[in-house]
Amino acid sequence: MQKNNLLIVLIVSSLCFFACDQAEEKPNVIIFYSDDIGYGDIGVYGADLIKTPNIDKLASEGIRFTDGHCAASTCSPSRYALLTGEMGFRKKVGVQPVNAPLSIQPTQFTIGKLFQQAGYQTGIIGKWHLGLGNGDINWNKEIKPGPNEVGFDYSFIIPSSNDRSPFVYVENHKVYNYDPNDPITVSRVPIPDSIAGTSYPDAIKNPESITVYQGDAGHQCSVINGVGRIGYMKGGKKALWKDTNIGDDLVKKAKTFITKNEDDPFFLLLTSNDIHAPRLPHPRFKGATTLGYRGDNIVQLDWCVGEIMKVLKQKGIEKNTILIFSSDNGPVYIDGGYQDGSGKGNHKAAGIYRGGKYDIYEGGTRVPFIIRWPSKIKPKVSPALVSQVDLLASFAAYFNEEIPIEAALDSRNYWDTFMGKDDLGAEYILEQANTDNAIAIRKGSMKYINIQDERYEMYDLKVDPQERNNVIEERPKLTKELHKDLMMLRKIHLNALYD
Ligand code: CA
């Protein structure tokens, strides 16, 4: 080989080495975040009446955590913690009402901003439910601040939850499929006839419009697609989503995002609304289980996960994409009072654990938690205690990116545990119910709970995983220690933020 050719070969191979190395250091990251999926809802976690072959496969190719937690047992505070690395109770973030303002400050650091800082294209597709705007949203104009202001280059969102007004998607500040001739009004109280825009039936005045199933008193406002909802809406008829198509719509948008960014590192937060009520699976999944709409919607969810796995494989980026699957809170059978047949059959949505959505017990926050990264992670089952709130600091440590002072105060680096290199897990994690009405600390197998102001309970999950035997009286020394820890963790951060 001539000298010059040898030089070219050397340069090209070192460039390739550098490029390949770069790619390995910046894997794509997708967090597939399901809604109200319990510990026992997935096949590999023990559901034998629901088949979830795709999620089971994902688990068999990655790490399956058996003590993995979301930060809260309700949607908004869990999402807030995942995004900001801060427990929701610190800012009193509870379930967000209709027309709630954005609960994350545009100046606040988020996991989206972290990925942007690390050179990623970022996107959120799916349920948001963290408020939008400054408290006076005009749904006919630019809707902001929102996800695009707190770390996402692209957003396609269900603004609230699928049972809550408005019933349209918002794509980068604008209502998707917006029709200027049919202006949109969103309200917590009935909207007068004098306001322009298509009218929808009122569940109380037009009970005949409820054609699918009944909801409780809180879900008796506007009737959309035959189901009563929370809050009222007028206008935007062309923009209305079709509930049975939401799974397909989100998968389609996710595939577009992945395709657009397949050559660059990307971070996608894919927040499915499966299986939040009202549960209305696509007709092709109806009857897929013997457990009613709830079970059928889990089969739909599994299909969606499978579609994402498939597109990664087709694009040849499967090996270097970290795909995380988890849930925002534990399970609930009849939510919103919807009589959709959920709860039938011998299915244990929270597995062996006590409670579910809204509860401070393990069923509220212990959820399926799977991480797959074929090029780096060896498949295993990990018993380590981990929380979603720690993902932000763990990714920051991996990228060697700094977190601003006083940001993400509850997030700690457990990268090695998330990568399966150790099973040590978190020294402690905090759990909360909705706002700060119930809060708990997990330390090893011990769990210490404070409900409202004066009620305390302590359980040893090693011998009592179902939290039946309160051991406060029996173990005064440990009670004192954990009480001190919990109160201190609560207070330290409060002082840091509010003093
Ligand atoms: Ca939820």
| message | Cβ-Cβ distance below 7 Å, separation of 6 or more or different chains: which pairs start in region 222-234 with a residue that is within 8 Å of residue 203 (Cα to Cα) and end on one that is in a loop (DSSP other than H, G, I, E, B) and among the aliphatic types (A, V, I, L, M)? | response | 223/203; 223/210; 228/203; 228/210
| Between residues in region 34-49 that are closer than 10 Å to residue 298 by Cα and residues that are more than 11 Å from the ligand (Cβ to nearest atom) and among the hydroxyl-bearing types (Ser, Thr, Tyr), which pairs lie under 7 Å by C-beta distance while being six or more apart or on different chains? | 42/52
| field | Filter result for the condition that a residue is over 18 Å from the mean Cα position of the chain (by Cα), crowded, with 23+ Cβ neighbours inside 10 Å and either among the acidic types (Asp, Glu) or in a helix (DSSP H, G or I) (or both), over 423, 340, 390 | value | 340
| For region 22-65, what are the residues that are within 21 Å of residue 345 (Cα to Cα), among the hydroxyl-bearing types (Ser, Thr, Tyr) and crowded, with 24+ Cβ neighbours inside 10 Å? | 39, 52
| query | Across region 313-333, what is the number of residues that are free of Cβ contacts under 8 Å to residues at least 40 places away in the same chain and either of a type in the set (D, E, K, R) or part of a loop (DSSP other than H, G, I, E, B) (or both)? | reply | 3
| query | Has region 368-387 got any residue that is closer than 17 Å to residue 47 by Cα, buried (at least 24 other Cβ atoms within 10 Å of the Cβ), aliphatic (A, V, I, L, M) and within 16 Å of the ligand (Cβ to nearest atom)? | reply | no
| task | Please go through region 365-381 and pick out each residue that is over 22 Å from residue 293 (Cβ atoms) and under 21 Å from the mean Cα position of the chain (by Cα). | result | 365, 366, 369, 370, 371, 372, 373
| query | In this structure, is residue 76 within 13 Å of the ligand (Cβ to nearest atom) and either over 21 Å from residue 253 (Cβ atoms) or not aliphatic (A, V, I, L, M) (or both)? | reply | yes
| said: Just the residues that are closer than 18 Å to residue 272 by Cα and modelled with pLDDT under 95, please, taken from region 19-54. | reply: none
| field | Residue within region 266-285 that is of a type in the set (Phe, Trp, Tyr), closer than 20 Å to residue 169 by Cβ and in a helix (DSSP H, G or I) present | value | no
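The values are calculated or read from the model by the stated rules, or taken from the named source; none is laboratory data. As the structure is a computational prediction, the values presented were derived from the model and not from experiment. Ideal geometry is used to build each Cβ from the backbone, glycine not excepted, and the neighbour counts take in all protein chains shown.
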